[in-house]
Amino acid sequence: MGTLLVRRLAALVPVILGVSVAVFLMLHAVPGDPAQIIAGQEASVEDVAQVRHSFGLDQPLAVQYARFLSRAVVGDFGTSFRTKRPVIDEIGDRYGYTLLLGAAAIAFAVAVGILVGVVAAVFKHSWVDNVCLLVSLVGVSVPNFFLGLLLMLGFSVWLQLFPLTGADTAWHVVLPAVTLGLPSAAVIARIMRSSLIEILGNDYIRTARAKGLPEWLVVGRHALRNALMPVVTVVGLQMGYLLGGAVIVETVFAWPGLGRLTVQAIAARDFPVVQAAVLVLAATFVLVNLLTDLVYSILDPRVTLS
Amino acid sequence: MAVHADPSASELPVSPLLDVSRLVVEIDTLQGPVRPVDGVDLRIEAGEIFGVVGESGCGKSLTALSILGLLPRPQGRIRSGSIRFEDQDLARLDERDLRRIRGNRIAMIFQEPMTSLNPVLGIGDQVAEALVIHRGLSRRDALAQAIHLLERVGIADARHRAHDFPHRLSGGMRQRVMIAMAMACRPKLLIADEPTTALDVTIQAQVLDLMDDLKAEDGVAVLLITHNFGIVAERAARVAVMYGGVVVEEASTEQLFEQPRHPYTHGLLAAVPQLGRRRDGMRPHPLSEIPGMVPNLARPAPGCAFADRCALRVEACLRERPPLAAVAPGHRVRCHVTGVSAQ
Amino acid sequence: MNDIPSFTAAAHVVAGANAAEGTARRNGLAIFWRQFRRSQLALPGGLLVLAFVLVACFAPLIATHDPLKNDLARTLMPPGAENWFGTDELGRDVLSRVVYGARLSLSEGLVAVLLALAAGVPIGVVAGYVGGRTDMIIMRLIDVLMAFPGVLLAIAIISVLGPSLFNVILAVALYTIPIFARLARGATLSVKEEPYIEACRALGVPHLRTLWRHVLPNIAAPILVIAALRVAISILTASSLSFLGLGAQPPSPEWGAMLASGRNYILIAPHLVIFPGLAIVLLVFGLNLFQDGLRIALDPKTTDLR
Amino acid sequence: MTTALPLPLLSVRGLSKSFVHRNWCGRVIRHIPAVADVGFDVARGRTLGLVGESGCGKSTTGRLVLRLIEADAGDVRFDGVDIRAAAPARMRTLRRDMQLIFQDPYSSLNPRLTIGGLIEEGLIVHGVRNRGEREDRVAAVLRRVGIRPEYMGRYPNEFSGGQRQRIGIARALVLRPRLIVADEPVSALDVSVQAQVLNLLAEIQEEFGLTAVFIAHDMAVVEHVSEEIAVMYRGRIVERGRTEEVIADPLHPYTRALLDSVPSLRPRAPRRARPARDDTDGERGGGGCPFRARCDLRMPICRMVPPNTEVRPGRVVACHLHQGQAG
């Protein structure tokens, strides 16, 4: 287990490096002169030259990247063009909110998804199953921003059960988390259902039945754990969807997270912030995927060997 | 229950351990329902090894599954017939009562030892499970007994191996674990569905020896299902040959292999290559062939299922299904041509 | 020698015996159709999508007004006889805008997926078939791209290219490429292990011919199924980006953009949000239903996954 | 019988192959030897039976012979030509002469092509340009294996396992090869169908003068088809000789165990398998005799590599029990 962890962590290094290269190149891929962008459209030729020199933009690309990376490692992403604060502070303020929202959303998605999936599988091909299918198909068909607006309209404006926007109390997280988590819940439910049905067709399930086990033990003890494995993989992939979706949901609910910051920064062409936010979100996703791998290896005794 | 025409019935002991009578199994397919088991009769005595042999699609595995009510759901069901075991008709029991019998008085092992064990549970736990369910043992006591059972089926260092997961074991060892699991509650009947098909021949011989030993020690009866005539010849006391969803011949092993009566049995025995036939660097004679292929389940013939491949076919074979008739004491044949002589 | 699989083989023989001479291909279509119908919702889904396609094709005939024409005398009108879906803040007819929006959304989904297919499938097939170092390098690059969570990669790309509908399509296509590449690689790897590919080697069939005649047809089904799914997801993503102001720019009648501007009037004119939102939901729902039927029909391994 | 000693069609010497596991950056982390120092000859028109249990390397050997896998070491000569040294273009033309018949009649036929298309493929690849000629040859070969040529337009899933195996044979046969490697061609088939296919193989071998390597795990099947037998265990040939001799008088303990384990059709033959010694237990690896962990006749010397002793001409056994009996 320990060596597995070390090996997986080591395998992440090239991926993170690749991500950092991509993020670094972002600024240089923008059409036009990066120095001009940083200095602003109205800047004089001298100002632009000054910016070019002070940001090291006159250096070779490799040197610039090395500097970017060495600074990024210690958390120095430069200064925000917009607020003139260190980027790391801007990010630090928002990161916790995004993590909170993401965790709430995934908890909601996993709980609802697994429950619905198991129910649908146990009652497969019945009306219960069909209702679950229909609901989950609608779930993956509703865009986040529309669902968020509908929930706001329904629960905040008409029923007045939850606050409209912001992040002041625990109640504030409910609607954004449901908005963000619902499509994932639908995906998890479908995978859970099909996985459980597939597992229930396995030879060792027949063995368990031939042993005289009651059906709840067959499902609970022999099928569920095996059926959860593909679900774990999907949950890992859904995390990526959630982190991306957070950009939209945070905007809709004015949630002070990293996603909303990214959108604001893009609108203001505040590239250091965009770079850092994208890097932090990508690194989070990569680490979360590592976590799902570890959960997987706990569920499946065969993995630790390979 | 209507008694069907069977003159030999009186010669057999009054109540066998298992008496399958006119069993019909129906399976739904995209082409509609078909009957892969279409009137099977089997009688198994206590403590004997009874072989059921036939090619793929003859209905032997489905017959075995239907005994324990393990037909694929929801597409499979027992359409008619009875399965008398001790004093009950298993075909009419509900799921609850069947569960009390499964793994307790009748146990079953399967063809694929690689996939028949749960990959995420320790083998000791999997063996212990039946003891917890049927004997009400605590998990701890059951595990202790499971270790004992594993030792008995020849797993070295069972105390430690009990905590191993199945993927650490070879195929032969896994089949031993399956047997330990099946024998946990000292069943009266062990159904072994192609137990050695996935194993190498040397391992196959060891597993079959183990089953022989268990029969001798525990007095368990074994329903040994296989496509391999050699295994049956070596291990079984009585044999039923299945074709097209019915038993076409049933006899003691000596009778069947020395005087096969049904043209299908006859043809199959001649088609099997046997060791020691090659002489003087000459290529042996061609094997005898049965022309054609296994019958089409979706369009069952009105007469004998084997008629279209049979060299002895007469007109009645296409029209009418022959009965399973006795040709000698303990030897029954379902054939219009060869099944009527002798008596 | 188990009864059940050989029994299904017997069923195949039946199907073959019933087929008339030389109609095997039609027979294949018939099997496809029967499988497709097994998902009872696939046909309604297909019809729903077809309806949107027709609306998009004949938008000028269906629209009652000019979708871009302002009428400041009739702003924020509720649905009524003159404007069935009401009017927006500039007095434009919402129905006509929704109708024209179908063109944009469908092309967002289709173009992005076609681009991604064209690039991703060859990359994946080559990586899987050639293997070795080529495969390793391609997969590392794909890992890096996949490390960006969901929409985030698209957002990062747009932040570089600048907001526009075309750039959104490009960004969505770019972040879909690794998905197809990975899928095609996985499918190729498993097909490559099939004995019929070894048979090609044994016959001396050249690699290109093997790829074209033996590998591609056998990996087409799962790719097609995922492609249908990705059309739905691309439409959602593209409209999300438009909602954030990164995609189609006003006054373009893109559904996501319509929602973004309608959002400000949600309390007094909810129809500005409801109608374009419902249009997205219905189109994506139809695509999902259709995709479900496609999967059941084309992917025999996952017959019970729904 | 081979007193004149003409050049054998296939001659294999010292053939070895290990499979390697690589980690994610391509470094080799494990060597798994699959075939080690395998050698045999197959005379023209003859059949060599390669027999052994699953994982013994017999299928790998077959593929090495056809160079479907690249060997690590050794020499494969087909009609005097060094197969391992052949350039790609030369190899392609050689492939026409040496064909493979597969075990699994289901997965060895591309489900998306008609059987006519499948069989025709080899002709197209090997330059038969005339469409009419190709169709005639496909029809002829189908007829020969007992499939009606009218079925040419059908897909593999419309045929039974036995028919598919016939189609697989037709695909190999249409190129008029000289060498056939048949990898467990009947083990997936039912007994009655197995006899049909074995007889078909014997007929076409006779008719076309084919040389064959027949790979199987069933001793009785191998005895039926081959003039000579090579028994493999853990990647090595442990015994080789004329079929009758090996069957009647097995020298290697493993060959004996294999033969003892085959159930016969004589009812109630009193026979016990050797004591349960699973080869996952006990010693393995190292340089010794691969069979020593399971062998009840093992001696201290078995820890070293056993020599391949030629007991008498054409009879080779890799066992210390028989060392020094040569000559």
Taking only segment A:80-111 into account, find how many residues are in a loop (DSSP other than H, G, I, E, B) and among the hydroxyl-bearing types (S, T, Y). 2
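For segment A:253-272, give me the residue count where each residue is under 17 Å from the mean Cα position of the chain (by Cα) and either over 17 Å from C:S240 (Cβ atoms) or of a type outside the set (S, T, N, Q) (or both).
Step one: list which residues in segment A:253-272 are under 17 Å from the mean Cα position of the chain (by Cα), which gives A:255-263.
Among the residues that remain, those that are also either over 17 Å from C:S240 (Cβ atoms) or of a type outside the set (S, T, N, Q) (or both) are: A:255-261, A:263.
Result for segment A:253-272: 8.
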Give all pairs with beta carbons closer than 8 Å in which a residue from segment A:37-50 that is farther than 18 Å from A:V274 by Cβ meets a residue that is of a type in the set (S, T, N, Q) and assigned to a helix (DSSP H, G or I); count only pairs at least 6 apart in sequence or on separate chains. A:A43/A:Q36; A:V48/A:Q36
Residue in segment A:149-167 that is surrounded by 18 or more Cβ atoms within 10 Å (Cβ to Cβ), among the small types (G, A, S), under 30 Å from C:G45 (Cβ atoms) and within 14 Å of chain C (Cβ to nearest Cβ) present: no
For segment C:183-200, state whether one or more residues are within 15 Å of C:I233 (Cβ to Cβ), at pLDDT 90 or above, surrounded by fewer than 23 Cβ atoms within 10 Å (Cβ to Cβ) and within 14 Å of chain A (Cβ to nearest Cβ). yes
Checking A:W127 against (1) open to solvent by less than 60 Å² (accessible area, probe 1.4 Å); (2) over 28 Å from A:M229 (Cβ atoms); (3) within 13 Å of chain C (Cβ to nearest Cβ); (4) not aliphatic (A, V, I, L, M), which single condition isn't satisfied? (1)
For A:R190, are the conditions met, namely being of a type outside the set (A, V, I, L, M, F, W, C), free of Cβ contacts under 8 Å to residues at least 12 places away in the same chain and either buried (at least 21 other Cβ atoms within 10 Å of the Cβ) or farther than 21 Å from B:G69 by Cβ (or both)? no
If A:G259 satisfies every condition in (1) open to solvent by 40 Å² or more (accessible area, probe 1.4 Å); (2) within 30 Å of A:I88 (Cβ to Cβ); (3) more than 8 Å from every other protein chain (Cβ to nearest Cβ); (4) not hydrophobic (A, V, I, L, M, F, W, C) but one, which is the exception? (1)
Taking the options D:R84, D:R92, name whichever one is part of a helix (DSSP H, G or I), more than 20 Å from D:I147 (Cα to Cα), at the interface with chain C (Cβ under 8 Å from one of its Cβ atoms) and charged (D, E, K, R). D:R92
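What about B:A182, is it among the aliphatic types (A, V, I, L, M) and surrounded by 24 or more Cβ atoms within 10 Å (Cβ to Cβ)?
Numbers: among the aliphatic types (A, V, I, L, M): yes; surrounded by 24 or more Cβ atoms within 10 Å (Cβ to Cβ): yes.
For B:A182, the condition - among the aliphatic types (A, V, I, L, M) and surrounded by 24 or more Cβ atoms within 10 Å (Cβ to Cβ) - is met.
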Taking only segment D:82-122 into account, find how many residues are in contact with a helix residue (DSSP H, G or I) (Cβ under 7 Å, 6 or more places away or on another chain), β-branched (V, I, T) and open to solvent by 10 Å² or more (accessible area, probe 1.4 Å). 1
Residues of segment C:265-274 classified as within 11 Å of another protein chain (Cβ to nearest Cβ) and either part of a helix (DSSP H, G or I) or charged (D, E, K, R) (or both), total: 3
Based on what the data block shows, is C:A257 part of a helix (DSSP H, G or I), buried (at least 24 other Cβ atoms within 10 Å of the Cβ) and touching a residue at least 60 places away in the same chain (Cβ under 8 Å)? no
Test set (1) in contact with an Asp or Glu (Cβ under 9 Å, 6 or more places away or on another chain); (2) more than 10 Å from chain C (Cβ to nearest Cβ); (3) in a helix (DSSP H, G or I) - A:A265 fails condition number: (2)
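Only residues that are free of Cβ contacts under 8 Å to residues at least 12 places away in the same chain and either surrounded by 20 or more Cβ atoms within 10 Å (Cβ to Cβ) or not polar (S, T, N, Q) (or both): list them for segment D:247-269, please.
Step one: list which residues in segment D:247-269 are free of Cβ contacts under 8 Å to residues at least 12 places away in the same chain, which gives D:248-250, D:256, D:263-269.
Of everything in segment D:247-269, those that are free of Cβ contacts under 8 Å to residues at least 12 places away in the same chain and either surrounded by 20 or more Cβ atoms within 10 Å (Cβ to Cβ) or not polar (S, T, N, Q) (or both) turn out to be D:A248, D:D249, D:P250, D:R256, D:P263, D:L265, D:R266, D:P267, D:R268, D:A269.
Restricting attention to segment D:51-80, which residues are in a strand (DSSP E or B) and more than 15 Å from the chain's Cα centre (by Cα)? Full working, then the answer.
Just the residues of segment D:51-80 that are in a strand (DSSP E or B), to begin with: D:51, D:73-78.
Result: D:A73, D:G74, D:D75, D:R77, D:F78.
What are the residues in segment B:194-219 that are facing another protein chain (nearest Cβ under 8 Å) and either more than 15 Å from the chain's Cα centre (by Cα) or crowded, with 21+ Cβ neighbours inside 10 Å (or both), if any?
B:E194, B:D200, B:V201, B:T202, B:I203, B:Q204, B:A205, B:Q206, B:L208, B:D209, B:L210
Would you list the helices (runs of 4 or more DSSP H) that sit entirely within segment B:44-158 and hold 2 or more residues that are open to solvent by 10 Å² or more (accessible area, probe 1.4 Å)?
On the way: elements: B:60-67, B:95-101, B:123-135, B:139-152.
The qualifying helices (runs of 4 or more DSSP H) are B:95-101, B:123-135, B:139-152.
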In the set C:R209, C:R295, C:R230, which member is assigned to a helix (DSSP H, G or I), of a type in the set (D, E, K, R) and within 13 Å of chain D (Cβ to nearest Cβ)? C:R209
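Would you confirm whether or not segment C:108-119 contains a residue that is over 19 Å from C:L287 (Cβ atoms), in contact (Cβ under 8 Å) with a residue 40 or more places away in the chain, among the small types (G, A, S) and part of a helix (DSSP H, G or I)?
Among the residues of segment C:108-119, at least one is over 19 Å from C:L287 (Cβ atoms), in contact (Cβ under 8 Å) with a residue 40 or more places away in the chain, among the small types (G, A, S) and part of a helix (DSSP H, G or I), which makes the answer yes.
So that you can scan it fast, the table gives a plain yes or no per residue for (1) without any contact (Cβ under 8 Å) to a residue 40 or more places away in the chain; (2) within 19 Å of D:V262 (Cα to Cα):
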residue: B:R159; (1), (2): yes, no
residue: B:E217; (1), (2): yes, no
residue: B:F229; (1), (2): no, yes
residue: B:V247; (1), (2): no, no
Can you pull out every residue in segment B:272-291 that is in contact (Cβ under 8 Å) with a residue 12 or more places away in the chain and either of a type in the set (S, T, Y) or farther than 21 Å from B:G339 by Cβ (or both)? B:V272, B:P273, B:L287, B:S288, B:E289, B:P291
Would segment B:260-273 turn up any residue that is facing chain D (nearest Cβ under 7 Å) and either surrounded by 24 or more Cβ atoms within 10 Å (Cβ to Cβ) or polar (S, T, N, Q) (or both)? yes
Would you confirm whether or not segment B:90-112 contains a residue that is within 13 Å of A:R206 (Cβ to Cβ), more than 8 Å from chain A (Cβ to nearest Cβ) and not hydrophobic (A, V, I, L, M, F, W, C)? yes
Could you list, in sequence order, all residues of segment B:167-192 that are under 17 Å from the mean Cα position of the chain (by Cα) and either within 23 Å of D:E184 (Cβ to Cβ) or polar (S, T, N, Q) (or both)? B:Q175
Identify, by number, the condition in (1) of a type outside the set (D, E); (2) at the interface with chain A (Cβ under 7 Å from one of its Cβ atoms); (3) touching a residue at least 12 places away in the same chain (Cβ under 8 Å) that C:V281 doesn't meet. (3)
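Which one of A:G240, A:G220 is of a type outside the set (F, W, Y) and at the interface with chain C (Cβ under 8 Å from one of its Cβ atoms)?
Working: A:G220 fails: at the interface with chain C (Cβ under 8 Å from one of its Cβ atoms).
Matching residue, one of A:G240, A:G220: A:G240.
The values are calculated or read from the model by the stated rules, or taken from the named source; none is laboratory data. Everything numeric here is computed off the predicted structure, so don't read it as measured data. Positions of Cβ are generated from backbone atoms using ideal geometry, with glycine treated the same way; all protein chains shown enter the neighbour counts. The area values use the complete protein model at the heavy-atom level, side chains included, leaving out ligands, DNA and RNA. Shrake-Rupley method; radii C 1.70, N 1.55, O 1.52, S 1.80 Å.
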